[in-house]
Amino acid sequence: MKKVLFLIIFCLVSFLTAEARETPDSLWNEANAYYAREQYQDALDHYMKIENSGVESADLYYNIGNTYFKMRYMAYAVLYYEKALRLAPNDPDIAYNLGIAREQCIDRIEPVPTFFVADWIRKSHQIMSSDMWAIVSVGVILLAILFFLIFLFARGVRFRKAAFILSVIIFLFAVMTTVFAWQSRKQATRKDIAIVLAAVSPVKAAPDTQGKDLLVIHEGTRVRVLEQMGTWARIELEDGRQGWVALNEIVFVY
């Protein structure tokens with residue numbers, strides 16, 4: 001009886017010790033070591049344990065994308081590069097690797113050209129995270145208030161006029177930074193982007209298996225989900241074409 005009790009206690013302690021050793025940091029180091037030794041499946045298993053523990057990180061998603069890329073699972077590489085880019089939209093390494101992975105996929109879909117002002121706004125708000133833009137916005141608003149107070153209480157017409165003009169200009173800049181913060185936050189939290197993981201996915205004219213095939217898309221293709229109906233999703237491709245695909249053939253980036 002004592003031997004059985006001792007064995008139970010020993011197994012329990014061993015299990016708890018093993019669980020304690022598997023911290024995100026230890027798993028991260030082990031995964032990186034496996035990756036360096038080109039043991040990609042072992043590296044992936046450890047990275048996925050970190051993700052399954054609830055950790056969300058651009059570096060983690062980037063490394064998972066790299067591991068899938070090395071294993072030639074391009075659709076999953078695209079998915080995790082997209083996840084990483086959502087958290088770090090201005091990271092050139094993630095953007096570059098995503099472009100390389102997408103080039104390995106079958107579909108070549110040209111995005112609809114955007115107005116240059118919209119394109120400038122998109123690139124500008126990606127310079128910093130939404131939190132950083134919010135901090136800048138608050139600082140600029142305080143600066144605008146300071147100059148406005150100077151305008152109210154300062155003596156001298158020219159000095160007051162200069163303070164007023166500066167307060168207006170700075171306030172307009174504050175509005176712009178607030179818009180950038182909002183856009184950056186919206187981009188980071190959007191839940192309508194998905195990646196096709198099925199090798200071949202027919203795009204239907206209606207949410208039904210008997211619906212007419214409009215076109216066929218392949219794994220790794222990026223789509224925007226416009227709506228969901230049962231087990232179907234109405235999607236839009238980057239060139240503007242729309243149709244219905246089975247929900248189980250796509251995976252959302254968020």
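Coordinate-derived values only; no laboratory data. Owing to the predicted nature of the structure, the values given are computational and were not obtained by experimental measurement. So basically every Cβ, Gly included, is an ideal-geometry build from the backbone, and we count neighbours across all protein chains shown.
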Worksheet item: With a ≥ b ≥ c the root eigenvalues of the C-alpha gyration tensor of the range 172-254, is it rounded (a/c under 1.5), prolate (a/b larger than b/c) or oblate?
Response: prolate
Worksheet item: Is any helix in the chain, taking whole DSSP H runs, at least 30 angstrom long along its axis by alpha carbon and on average at least 1.6 on the Kyte-Doolittle scale, and which ones?
Response: 130-153
Discussion item. Give me the one-decimal nm value for the distance between modelled label points at Met229 and Gln187, 7 Å along each residue's Cα-to-Cβ direction.
Written reply: 3.3 nm
Response to the item:
Interchain or sequence-distant (5+) residues whose placed amide H lies within less than 5 Å of the amide H of Gly243 are Ile235
Worksheet item: Can you work out the FRET efficiency for the pair Leu142 and Ala33, with r the C-beta to C-beta distance and R0 = 45 Å, to the nearest 0.05?
Response: 0.40
Discussion item. Taking the beta-carbon count within 10 Å as an exposure proxy, list Leu85, Leu214 from fewest neighbours to most.
Written reply: Leu214, Leu85
Practice prompt. With 31 Å as the limit, write out which pairs from Lys191/Lys212; Lys186/Lys212; Lys49/Lys204; Lys49/Lys186 have Cα-Cα distances beyond it, or answer none.
Written response: Lys186/Lys212; Lys49/Lys204
Worksheet item: How big is the charge dipole of the range 193-252 about its Cα centre, in debye rounded to the nearest 20, if each Lys and Arg gets +1 on its Cβ and each Asp and Glu gets -1 on its Cβ?
Response: 60 debye
Worksheet item: From the list (i) 45, 32, 17; (ii) 30, 26, 18; (iii) 29, 21, 18, can you say which value of semi-axes √(5λ) of the Cα gyration tensor in Å was derived from the structure given?
Response: (i)
Worksheet entry | Sequence-separation-based contact order of the chain, relative, with Cα cut under 8 Å and 6+ spacing, percent | 16 percent
